[in-house]
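Here's the structure, in structure tokens; my notes come after.
Bear in mind these aren't lab numbers, they're just calculated from the coordinates by the rules spelled out. Since we're looking at a predicted model, the values are computed, not measured. Here the Cβ positions follow ideal geometry from the backbone for every residue, glycine too, while neighbour counts run over all protein chains shown.
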Amino acid sequence: MSGVDGAATVSANPSLRAASDVAAAQGVDPLVGLSAGEAERRLAAHGPNELRAAPPVPRWRKLLEQFRDPLVYLLIVAVVISLAAWIAEGATGVPVDAVVIAAVLLVNAVLGYLQQARAESAVAALQSMTEATSTVLRDGAPTVVPSRELVVGDVLMLAEGDAVGADGRLLMATALRVAEAALTGESEPVGKSAEPLDEAKPLADRRNMVFRGTAVTQGTGLAVVTATGMATEMGAIAELLEATETEPSPLQRELAQVGRYLGLAVVAIAVVVIAVTLALSEIRTLHDLVTVLLLGVSLAVAAVPEGLPAIVSVVLAIGVQRMASRNAIVKSLHSVETLGCATVIASDKTGTLTQNQMTITRIRTASGEVQLGGVGYRPEGEARAGDAELTDSPLAREASLALAVGTLANNARLEFTDGHWDIHGDPTEAAFLVAARKVAGTVERTRRFSRYAEVPFTSERKMMSALVADEDGDGGLLVAKGAPDVLLQRCREVQVGDEIVPLDSDRRAAAVADVEELSGQGFRTLAVAYRHMEAEGRSPSLGEADECDLVYAGIVGIIDPPRTGVVEAVADAQRAGVRVLMITGDHPGTARRIAEDLTIVEPGAPVMTGRELDTVPQSDLAETVGAVSVYARVAPRHKLQIVEALQARGEVVAMTGDGVNDAPALKAADIGIAMGRNGTAVARQAAKMILADDDFTTIVAAVRQGRVIFDNIRKFMRYLLSSNLGEVFTVFFGVLLAESIGMTGEGRPGVVLPLLATQILWINLVTDSAPALAMGVDPEIDDVTARPPRRVTDRLVDAGMWRGIVFVGLVMAAVTLLSMDMVRPGGLVGGVGTLEQARTVGFCTLVFAQLFNTLNARSAVASAFSHMFTNRWLWASLLLGVVLQVAVVELPALQKAFGTVPLTPAQWAIAAAMASVVLVCEEGRKLVVRLAGRRSGP
């Protein structure tokens with residue numbers, strides 16, 4: 001097959017050429033499409049169908065980026081000061097302080113780089129899960145391919161709900177309408193035609209072209225791809241898209257704010273510590289001055305958790321990947337925080353709350369009712385009239401006609417493969433195909449008809465019709481199915497046995513009563529109707545104007561059982577303070593019954609229809625949506641109304657949707673949720689979250705997981721801030737109380753500090769990253785569904801959390817200084833150890849206290865012994881911390897670098913025992929909080 005070897009576009013204006021000429025120029029047969037090999041060759045030659053993106057950042061630059069931080073600059077200053085002092089003192093030996101600080105600097109950079117790389121790989125994995133796809137003809141068969149693999153010459157198969165993956169010239173269009181607002185600003189969907197244009201026209205008027213980034217809202221079509229990637233019309237404005245900056249999420253803004261406040265506070269504290277140390281110490285040499293300056297710099301660096309943003313990104317990425325493994329794909333990492341704030345879940349009924357296994361079990365016609373057995377898509381089940389098997393009668397012939405009309409007005413397929421029945425297409429339409437096989441003679445009477453035209457179903461029309469011709473004669477039929485209230489308005493006659501009689505007021509009232517009765521029993525109802533079109537049977541044209549003067553054939557009652565676990569999921573959501581709304585296009589009676597069965601509402605609760613919603617004044621809409629939880633007979637535009645009204649009440653709304661017209665509501669919702677199985681590409685693009693299984697229980701599980709992830713972020717914030725504050729308090733009070741706790745210089749002049757600068761940096765290195773990351777994947781400790789949703793205005797670190805942080809920091813400092821006092825002679829508790837031993841014991845006590853604090857920080861209320869062994873990563877990080885601390889004390893090479901000396905077993909015991917006091921004190925505080933909570937009641 002000849003191909004196109006130039007740029008990935010067609011040079012001549014394809015809108016002015018005949019469709020067949022454009023296809024020929026591409027070397028493609030519109031009925032066969034490209035071969036797989038040819039498509040692969042073109043893809044290799046012209047590259048993927050992608051807009052230009054910023055070039056990837058080299059790894060070496062990412063590593064250097066880790067050094068672009070004010071705290072890193074402080075460490076570099078510390079290295080310079082240390083080297084300057086070493087040179088001034090004669091440059092003898094090894095500048096230990098400078099080497100150690102530089103090593104810590106390098107290790108911190110590597111850890112930051114690895115954390116960033118892990119977060120980026122997780123984001124890339126999530127993007128691949130939500131990759132856009134297109135349906136093309138390849139080797140004569142419909143094939144779904146990633147849109148990035150489209151090539152010039154591909155034959156695109158377009159249907160309602162598809163996102164157009166590349167620019168193309170239409171080969172065929174049937175009632176095709178495309179929303180092009182994203183490209184042209186045209187507010188209404190544009191009707192399309194395959195006819196060539198007479199003259200070159202602006203983009204918005206090229207009715208025979210489709211463009212990348214637009215969406216099919218109605219109809220079907222075939223188009224040959226004429227441009228991909230940057231050669232598309234969307235590529236022409238790619239620079240504008242690239243220039244758009246993404247607003248930071250509330251979590252990102254708050255982390256930045258916490259970082260700024262901490263930075264200012266710690267710099268102030270470091271200055272105070274330096275000033276107090278200089279004032280209380282005897283500075284006699286340059287080395288003494290450098291020691292004090294290094295202490296202040298190291299304290300500032302250690303007190304601020306500089307790795308916090310990277311840790312947050314990793315934790316969010318891991319959490320989102322876990323959610324994806326449970327069928328909830330969150331497209332943006334920072335949308336997770338919004339999930340934890342959700343106060344309302346507004347869900348579709350069909351396929352989300354229910355199984356979407358549509359089964360027709362009732363047929364109501366003018367002569368009575370037929371019951372069909374069986375559930376699901378296996379065409380097995382008995383047809384009965386009352387207590388007797390259905391036999392030839394006027395009722396049987398009416399039922400067969402009703403199912404035949406529904407089968408002809410249909411786009412679904414029912415196939416038997418590998419021992420089981422599969423459906424392809426809309427489940428409701430497939431229900432007619434299954435039911436037709438249960439009533440004798442129905443399938444046979446439909447086989448002689450061929451379809452010639454269609455007016456497709458839309459959410460606004462609530463009906464569809466098709467023009468079919470009888471191959472055994474010259475006649476034709478218009479067959480239609482849709483919502484009973486819509487279709488009855490277009491009917492003038494009714495089928496009674498073999499006769500057609502006028503649909504008078506009594507018969508119309510009887511039909512409406514049938515609808516009400518079936519809907520009240522929980523059935524979804526669809527009406528079917530037809531009319532003869534003798535002279536037009538083979539005409540390819542059909543329009544909405546033809547859908548009139550129909551013959552009413554009857555209604556069918558369809559059941560769609562609730563999904564397993566939905567009742568429990570609704571109860572979980574309600575217990576968590578999340579209100580559940582049901583929004584459906586079904587009859588109000590059906591909606592009420594399903595909502596009551598699922599415990600969404602109490603029996604007798606109000607149900608509001610779309611028409612009733614239209615009559616509510618705008619000023620009363622917020623109050624209305626606060627009182628109504630079930631909406632029936634709604635159009636997609638009503639979803640947007642409901643979302644905006646709920647948000648006006650201050651609600652955080654999760655809204656589900658699957659159609660093209662659901663996109664505005666999905667985009668407006670705080671959490672737009674698209675269906676992964678039955679949703680359209682447009683809906684998936686507009687949403688922030690995609691349900692891979694279309695299951696309501698997955699939404700509730702995702703909300704729960706969102707709360708757990710946010711709790712975990714608070715856990716390691718609590719841990720990092722309290723531990724780092726413990727270091728600040730230890731140094732500050734250690735300098736102030738040096739004489740009281742026996743930390744004097746044994747008659748030696750100069751500066752005596754509770755901890756050395758290198759020891760502080762070591763603590764920061766050992767205790768900050770691994771335990772914090774381990775807490776980021778902690779399982780649920782507190783029952784997150786036992787409390788109301790977090791408000792978007794709630795602080796990540798609130799006043800109560802700050803009180804706990806300060807409390808733990810003070811306890812850490814107290815036990816560290818007391819452990820030093822227990823080793824040194826004099827002070828409050830007499831000991832016999834040297835200054836180096838006391839400092840090493842205090843050093844170990846502070847490290848162990850921070851490791852104990854990881855158990856404290858897992859919950860602000862629950863005991864550390866609750867779910868104690870559910871996180872193996874946490875215990876691994878604690879074991880690593882203990883091993884590293886023993887090594888820095890006992891290995892000679894590290895002793896010199898960090899100013900430590902070996903400890904006796906008794907001194908190790910002092911460090912461990914004193915460190916455990918942090919756990920005991922925090923357990924006591926939590927017990928008081930729990931008892932106070934019980935006394936105050938729920």
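Structure notes:
- The calculated pair-distance distribution of the stretch 850-916 uses every alpha carbon pair, bins of 10 angstrom beginning at 0, and gives 18, 40, 29, 12, 1 percent.
- Highest to lowest packing among 728-740, 596-608, 494-506, scored as the average C-beta count within 10 Å: 728-740, 596-608, 494-506
- Estimated translational D of the stretch 792-938 in µm²/s (Stokes, Kirkwood radius over Cα pairs; 37 °C; 0.692 mPa s): 195
- In this simple spin-label approximation, residue 791 and residue 912 carry label points 7 Å from Cα along the Cα→Cβ vector, and these lie 4.7 nm apart.
- Each residue, residue 45 and residue 384, gets one label point 7 Å from its Cα in the Cβ direction; the gap between the two is 6.6 nm.
- Cross-link reach is defined here as a Cα-Cα straight distance under 21 Å, omitting same-chain residues fewer than 8 places apart; for residue 438 the lysines meeting it are 481.
- Here the Debye sum runs over all C-alpha atoms of the stretch 359-559 as equal scatterers in vacuum, and log10 of I(q)/I(0) at q = 0.08 Å⁻¹ comes out as -0.24.
- Our estimate of slack between residue 20 and residue 332, defined as 0.36 nm per intervening residue step minus the Cα-Cα distance, is 108.1 nm.
- Proximal aspartates and glutamates to residue 62, defined as alpha-carbon separation beneath 12 angstrom and excluding residues fewer than eight positions away on the same chain: 120
- Between amide H atoms placed 1.01 Å from N, distances below 5 Å from residue 475 occur with 470, all of them 5 or more places distant or on a separate chain.
- Normalised convex hull volume, the stretch 632-697, alpha-carbon set, Å³ per residue: 83
- Approximating the spin labels as points 7 Å out from Cα along Cα→Cβ, the residue 739-to-residue 265 distance works out to 3.1 nm.
- Histogram of C-alpha separations across the stretch 414-516, 10 Å bin width, %: 11, 33, 41, 13, 2, 0
- Taking 28 Å as the straight-line reach from the Cα of residue 667, the lysines in range (excluding those fewer than 8 positions away in the same chain) are 192, 331, 349, 462, 639, 688.
- Peptides 616-628, 878-890, 146-158, ordered by how many other C-beta atoms sit within 10 Å of their residues on average, highest first, read 146-158, 878-890, 616-628.
- Nearest-0.05 FRET efficiency for residue 544 and residue 508, computed from C-beta distance (R0 22 Å): 0.50
- Protection proxy ranking, peptides 408-419, 710-721, average beta carbon neighbours within 10 Å, highest first: 710-721, 408-419
- Its Cα centre serving as origin, the stretch 359-559 has a Cβ charge dipole (Lys and Arg +1, Asp and Glu -1) of approximately 320 debye.
- Length gained when the stretch residue 393-residue 36 is fully extended (0.36 nm per residue, less Cα-Cα span): 123.0 nm
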